[in-house]
Amino acid sequence: MIALAKHGAPGTEDLYFDLLKVKAKTLVVWGQDDRAGALDVGLFMLRRLADARMHIFPRCGHWAHVEHRDEFNREVLNFFQLT
């Protein structure tokens, strides 16, 4: 999991430049209504990662794997079949 720091917030690590180093195919999963991380952060990651796909869950907060368990599992399995 990659966490992006907001302007060097205490207890966080800024991984901004490290995103460009990731060469593996990456699935970015985001909840449209995530209050812990704005959708813009996920879209930023999508643009910075070399080979990324993104799935945005509608009517979903921060825990897509819990809130939309079945669809999340299908997306992850489909992603692994593509890699």
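Do you know which residues across segment 42-78 are within 21 Å of residue 20 (Cβ to Cβ), touching a Lys or Arg at 6+ places or on another chain (Cβ under 9 Å) and part of a helix (DSSP H, G or I)?
46, the sole residue that qualifies.
Residue 66 versus (1) at pLDDT 95 or above; (2) exposed (fewer than 13 other Cβ atoms within 10 Å of the Cβ); (3) out of contact with any Phe, Trp or Tyr (no Cβ under 9 Å at 6 or more places or on another chain): which is the lone unmet condition?
In the conditions (1) at pLDDT 95 or above; (2) exposed (fewer than 13 other Cβ atoms within 10 Å of the Cβ); (3) out of contact with any Phe, Trp or Tyr (no Cβ under 9 Å at 6 or more places or on another chain), residue 66 misses (3) alone.
Within segment 25-43, restricting attention to residues that are aliphatic (A, V, I, L, M) and touching a residue at least 24 places away in the same chain (Cβ under 8 Å), which residue is farthest from residue 79 (Cα to Cα)?
36
So, in segment 1-26, of the ones that are within 10 Å of the chain's Cα centre (by Cα) and surrounded by fewer than 16 Cβ atoms within 10 Å (Cβ to Cβ), which residue ends up modelled with the lowest pLDDT?
Only one residue tops the list, namely 1.
The values are calculated or read from the model by the stated rules, or taken from the named source; none is laboratory data. For clarity, every value in this text was computed on a predicted model and none was experimentally measured. All Cβ positions, glycine included, derive from the backbone under ideal geometry; neighbour counts span all protein chains shown.
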